[in-house]
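Here is the structure we will look at.
Just so it is clear, none of the values below were taken in a lab; they were calculated from the coordinates. Keep in mind that this is a model prediction, so the values were computed, not measured. Every residue, glycine as well, gets a Cβ built from its backbone with ideal geometry; the counts of neighbours run over all protein chains shown.
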Amino acid sequence: MCLQVIWTHVNNLFSFFNVVAFVKSGGQKKKITKAERLKQLQEEEEKRLKEEEEARLKHEKEQLEKLEIKRKEKEKWQQLEAKDLERRHEELEELCFLECCYPKAEKLKRDIRLVSQWKHYIQCDGSPDPSIPQEINTFISLWKEEINETFEEVIKKGKLVLNLIEKLKFILLETPSYDLQDKTIKQYQGSILELQELLNLKFNIATEILLRQASTLADLDSGNMEKIIKDEYVTLYVWANLKKNPRYRSVRFSETQIGFEIPRILATSDIALRLLHTRYDHVTPLCSVPAPLDVAQTPTVTEPVRAEDKSAVEPLASKEVQEGSKQENGSVSVDEEEVKVEEEGDVEEQKSTVEEELEATKYQMEMKLLSETVLAAQLLLVENACEKPEFFEDHEVDLCQFTILGGVYHLDILKLPPQCKPVKGWMIVEIPKEGLQKYIYPPETTEDFETENAFPPIEVMLQVHENVIFFENPMVARWDLEGKYWRTDGISNISYKSEERLITFSLETFGPVTLIQDTHINMPYQSWELRPLQENEVLLTVTTVFTEIQIQIKENLCMLASVKLKNKEHSCILQGKWMAPITFIIALKEVGLNVFPTGHSHFYVVINNKVPLVEMKAYRQMALLSSSFAFGWSRWNLRCDSDKVIFKVTEHLTKESIPHSNWVLLMFSGDRAQRLKINEDSEVYSEAIKDETELHSTLFHLVKDFSSVEGIEKIRSANCQFIDSVCQMLFSTRLLSYS
């Protein structure tokens, strides 16, 4: 043990001396010779060359592998393309057969319009048919002759007038352009203007009659007259200044927050203040507001069959039938006399056969032309062919960019007419020939007044209509009578209380006032989904920055299923009401739920613009599949080129929610459809085709590869009006370009 300890100490001491010697020598290593240095460099060079060679071989191998993969992919793609081309004709023929539902639906619409006219004719309820000039002119003339109508009576008659105006507007919107002549369109528009002007005139006359009785209707406390008349479409607020008290400057209508703050000059004048709130807009010219997107409203490319052309179709068809009969008879070798006797014996039978074939040929030609017409019209719906709106005057409201909501508030300062006076049991009143006169404020000349501030702006407090949704504080616009447009100047101190729905502003001069909102406030959309519910029924969900709108489509009707504002359910007057698609679109726009772009919208919204032909074909085929398949927004639709669209698809035959894993991605270019390898959660975009799938010419044949027999049967048996309504809603929302 002791020897081991001593030996350890000796080794440690020896190591210590070695370290000391190394330190004293400056830590220098043994000097390398030139030959050793050359040998070391040679070894390093050989090692580098070896590594480079290995890297080159590895790169060449990788390149060869990539080329082989590309070759195999190209070969596989060529095989898929060849297979697709081989069956393309057959697939397009089947698609053409399925798309016959569109001209059938258009023909049904035409029949419904004719039936509607007939029902009105046999109803004989005394109301005129607005499409017949004689009836509408007679109605206007007779109403002009009626005098001394009260405001309540005018409102009652006004409902009929509004109904006639709406009928004429919907005739113009719903009737295809090829079924309306320019002369007829001008006639309908002229009738609309006449009815609007007459209704406005009747309101003025009724107001004058009411103001003549102001002294008899005066309030006991204030001594002034106040009157409120409410109706579904019109509300009248009128105040007559009978006492002329200079301290009475705050006018508030009872049980409301609506009113005015008037200056001293008005408080001491013989005036009346009238606020006539109409839920409709009869101020804006008809041509200023862009029409909603609709197949019927869009001009067509293909000339349809007109009444004068039908006479030419009949001999053409009969000639074809006769030639076909001759060819058939010529192929059979029989005696001519026997054929003649046989023909004479079967005259009736052949006649009926020829007539049936003639009718069938006429029907086929009509449906073919109608199909081409509808196709051309649908294509124009997605073409941004409209020119950008022209230059606007300073402060002029661009009605392509902004929408009027909540109707029009007609603000008027009126001269108080002579009052009724009791004389010996009679009520005598002076009736001026000029009728109801407006009080000019401020007057054209102010030389007779001491100060310039004698005519300050009038403060106005208005109640925003409860059924209108404003996603931002509403803007106020006033009507320029000379320029015939809405403008935003001359209005100041705008304040809006959203909870009370009360807007306050100062107005330099009175006249029609309205509230406006950005038309495209809900565009572009954040996402969308279209999924089937029951037979011939789907639910379209459109999610925007401010709201989520659910639209239910059933056969040829649409309904607002739900509205969410800030993820909370919002009650809307339109919920639960089934309407025709065009009526539904207009109704949604009128309450502020606008998800329907126009031909000008691409100038105001940054959109994911797709090639119109591709987008049109996609909507048509999506509508065909909507009875069995759900479609949804895909983030990859933004990444693909404009000549392609990408969306999510899954078969959905139950009422259960759709699991995230069930969705597959489809890419469609108008003439080719494929299933993509990527999904919504993929990190990198790729247009690679899904393994073990094929290319197809239509969406229908692509989904057939992974759909059930039940799903395909539902597609084939879907109602043509239902498919047409879904297609029309897709065209109207433009989901693939505006999301």
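Check each of the GluC sites (Glu not before Pro) in region 566-674 and keep only those in coil by DSSP with at most 12 other C-beta atoms within 10 angstrom; list them in order. Present the calculation step by step, with values, prior to reporting the outcome.
Working: sites: Glu569, Glu590, Glu615, Glu651, Glu656; in loops: Glu656.
In loop regions of region 566-674 (DSSP not H, G, I, E or B), the sparsely surrounded GluC sites (Glu not before Pro) are Glu656.
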Original post:
Among rounded, prolate and oblate, which fits region 587-735 when a ≥ b ≥ c are the square roots of the eigenvalues of its C-alpha gyration tensor, a/c under 1.5 means rounded, and a/b larger than b/c means prolate?
Top reply: oblate
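For region 512-637, what is the convex hull volume of the alpha-carbon atoms per residue, in Å³? Intermediate values should be presented prior to the final figure.
On the way: hull volume 17.7 nm³, N = 126.
Looking at region 512-637, the number lands at 140 Å³ per residue.
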Original post:
Please state the Cα pair-distance histogram of region 459-555 with 5 angstrom bins from zero: what percent is in each bin?
Top reply: 2, 11, 17, 15, 14, 12, 9, 8, 6, 4, 2, 0
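Based on the mean of other beta carbon atoms within 10 Å per residue, what is the order of 725-732, 112-119, most packed first? Walk me through the intermediate numbers first.
On the way: 725-732: 26.0, 112-119: 11.9.
The packing order, highest mean first, is 725-732, 112-119.
I'd like to compare 150-158, 405-413: which one has the highest average count of other Cβ atoms within 10 Å, and what's the full order after that?
Details: 150-158: 17.2, 405-413: 22.1.
Ranking, from highest mean packing down: 405-413, 150-158.
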Original post:
If you wrap region 109-177's Cα atoms in a convex hull and average its projection over all directions, what's the area in nm²?
Top reply: 5.3
**OP:** Write down, largest first, the equivalent ellipsoid semi-axes of region 98-253 in whole Å, where each equals the square root of 5 times an eigenvalue of the alpha-carbon gyration tensor.
**Re:** 44, 17, 13
Original post:
For Asp221 and Asn200, what does the FRET efficiency come to when R0 = 41 Å and r is the distance between their Cβ atoms, rounded to the nearest 0.05?
Top reply: 0.80
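Report the equivalent ellipsoid semi-axes for region 660-739 in whole Å, largest first, defined as the square roots of five times the eigenvalues of the gyration tensor built from alpha carbon atoms. Provide the component values of the computation, followed by the final result.
Working: eigenvalues 116, 67, 30 Å².
In descending order the semi-axes read 24, 18, 12 Å.
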Subject >> Label-point separation, Gln534 to Asp231 (7 Å along Cα→Cβ), nm >> reply: 3.9
Original post:
Across 10 Å bins from the origin, how do the percents of Cα pairs in region 493-537 run, short distances first?
Top reply: 15, 28, 24, 16, 13, 4
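Which value, in nm² and rounded to one decimal, describes the direction-averaged projected area of the C-alpha convex hull of region 193-232?
Details: hull surface 14.4 nm².
It is 3.6 nm².
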Original post:
Counting only residues 5 or more places away or on other chains, whose amide H sits under 5 Å from the amide H of Met225 once H atoms are built in the peptide plane?
Top reply: Asp219, Ala240, Leu242
Original post:
How many nm separate the modelled label positions at Glu45 and Asp179, each set 7 Å beyond the Cα in the direction of the Cβ?
Top reply: 9.2
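Among 34-40, 280-286, 438-444, what's the highest-first ranking by average C-beta atoms within 10 angstrom per residue? Show your work: numbers first, answer last.
On the way: 34-40: 9.7, 280-286: 16.0, 438-444: 13.3.
Ranking, from highest mean packing down: 280-286, 438-444, 34-40.
Quick one, what does Rg over Rh come out to for region 169-253 if you take C-alpha atoms and the Kirkwood Rh?
On the way: Rg = 20.9 Å, Rh = 16.5 Å.
Rg divided by Rh gives 1.27.
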**OP:** Name all residues of region 532-556 having a backbone nitrogen under 13 Å from the label point set 7 Å from the Cα of Trp578 along its Cα→Cβ direction, giving them as ranges.
**Re:** 535-538, 552-556
**OP:** Starting from the Cα of Glu383, move 7 Å in the Cα-to-Cβ direction to define the label point; list residues of region 604-625 whose amide nitrogen is under 18 Å from there.
**Re:** 609-620
Original post:
If you stretched the chain out fully between Asp281 and Leu108, how much longer would it get, using 0.36 nm times the residue separation minus the C-alpha to C-alpha distance?
Top reply: 59.1 nm
Subject >> Amide H contacts of Phe629 (H built 1.01 Å from N, under 5 Å, at least 5 apart or other chain) >> reply: His652
Original post:
For the pair Glu255 and Glu569, what calculated FRET efficiency results from E = 1/(1 + (r/R0)^6), where r is the Cβ-Cβ distance and R0 = 41 Å, to the nearest 0.05?
Top reply: 0.90
**OP:** Using R₀ = 30 Å, calculate the FRET efficiency as 1/(1 + (r/R₀)^6) where r is the Cβ-Cβ separation of Lys58 and Glu687; round to 0.05.
**Re:** 0.55
Original post:
Using the Cα gyration tensor of region 509-585, with a ≥ b ≥ c the square roots of its eigenvalues, what is the shape: rounded (a/c below 1.5), prolate (a/b larger than b/c) or oblate (neither)?
Top reply: prolate
Subject >> Overall Cα dimensions of region 52-165, principal axis frame, Å, largest first >> reply: 108, 39, 18
**OP:** Return the whole-Å distance between the Cα centroid of region 475-518 and the Cα centroid of region 667-682.
**Re:** 49
Original post:
For Lys655 and Ile32 in the same chain, what is the full-extension length gain: residue separation times 0.36 nm, less their Cα-Cα distance, in nm?
Top reply: 215.7 nm
Original post:
For region 623-662, rounded, prolate or oblate, judged on the Cα gyration tensor with a ≥ b ≥ c (square roots of eigenvalues), a/c < 1.5 rounded, else prolate if a/b > b/c?
Top reply: oblate
